[in-house]
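The values are calculated or read from the model by the stated rules, or taken from the named source; none is laboratory data. Computed from a prediction, not measured in an experiment: that's the story for all the values here. Cβ placement follows ideal geometry from the backbone for every residue including glycine, while neighbour counts extend to all protein chains displayed. Only protein heavy atoms, including side chains, enter the accessible area calculation; ligands, DNA and RNA are left aside. Shrake-Rupley method; radii C 1.70, N 1.55, O 1.52, S 1.80 Å.
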Amino acid sequence: MNLVRCGLDVSHVTTLNLDEYVGLSPNHPQSYHWFMREHLFSRIGTPMQATHLPNGVAPDLEAECERYNDLIRNHPIDIQLLGIGVNGHIGFNEPSHTLITGTHVVNLTPETINMNARFFSRKDDVPRQAITMGIQSILQAKQIMLLAFGEHKADIIYEALKDGIRTDVPASMLQLHKDVTVILDSHSAARLGL
């Protein structure tokens, strides 16, 4: 990844990541801690003490979720950047009959595990759980940007944006937010009739 510095001062920015795998240490090359540090924070000069991610190896995961909820309360989110899973998840809020509002531990669906297997040596190495920011925390951001690219995202983009609000497509909850920007390529937007 090549980042171009454009004189933007990020020394005052506080970051809160959406999620982290349960069981991966911050130094594991597939952890979000490692990825963000390696590919973003170290390149733009973000002070590490201003970067926050859930701790996937915390001895008490319930307490870790509460700690993260407190961080979110103390640092309201101005801009929330999201991707979308092929099953409609945002963060790791997987399709379900219910949605959890705050930070929580989630069991990853087989679909998510299969999609993430490409980042690991073996499918068996893919974590089966993650800590994720909840839907309510995501929707409390002042602005949201959703990005999706590729034809494999076309169906779920249609469902998320045009097929009603449903818990089995968590990204459809974004329809409830007043300031969402959706960035798509022509492939992911194919079913929208644009």
*asked:* For region 130-152, give me each residue that is open to solvent by 30 Å² or more (accessible area, probe 1.4 Å) and farther than 29 Å from residue 69 by Cβ.
replied: 149, 151, 152
*Qualifying positions in region 177-194 - closer than 16 Å to residue 145 by Cβ and among the hydrophobic types (A, V, I, L, M, F, W, C)*: 180, 182, 183, 184, 189
*asked:* I'm trying to understand the selection: among the residues of region 65-106, which are in contact (Cβ under 8 Å) with a residue 24 or more places away in the chain and of a type in the set (S, T, N, Q)?
replied: 69, 80, 87, 93, 96, 98, 101, 103
*Go through 102, 83 for me and flag whichever is among the small types (Gly, Ala, Ser), closer than 22 Å to residue 15 by Cα and either touching a helix residue (DSSP H, G or I) at 6+ places or on another chain (Cβ under 8 Å) or open to solvent by 60 Å² or more (accessible area, probe 1.4 Å) (or both).*
102
*Selection within region 109-129 - in contact (Cβ under 8 Å) with a residue 12 or more places away in the chain, closer than 20 Å to residue 153 by Cα and surrounded by fewer than 21 Cβ atoms within 10 Å (Cβ to Cβ)*: 109, 111, 113, 115, 119
_Lone qualifier among 76, 95 - being in a loop (DSSP other than H, G, I, E, B) and farther than 19 Å from residue 169 by Cα_ = 76
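Can residue 144 be described as more than 22 Å from residue 62 (Cα to Cα), of a type outside the set (Lys, Arg) and without any contact (Cβ under 8 Å) to a residue 12 or more places away in the chain?
no
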_Selected residue (criterion: least open to solvent (accessible area, probe 1.4 Å)) from residues of region 153-181 that are touching a strand residue (DSSP E or B) at 6+ places or on another chain (Cβ under 9 Å) and in a strand (DSSP E or B)_ = 180
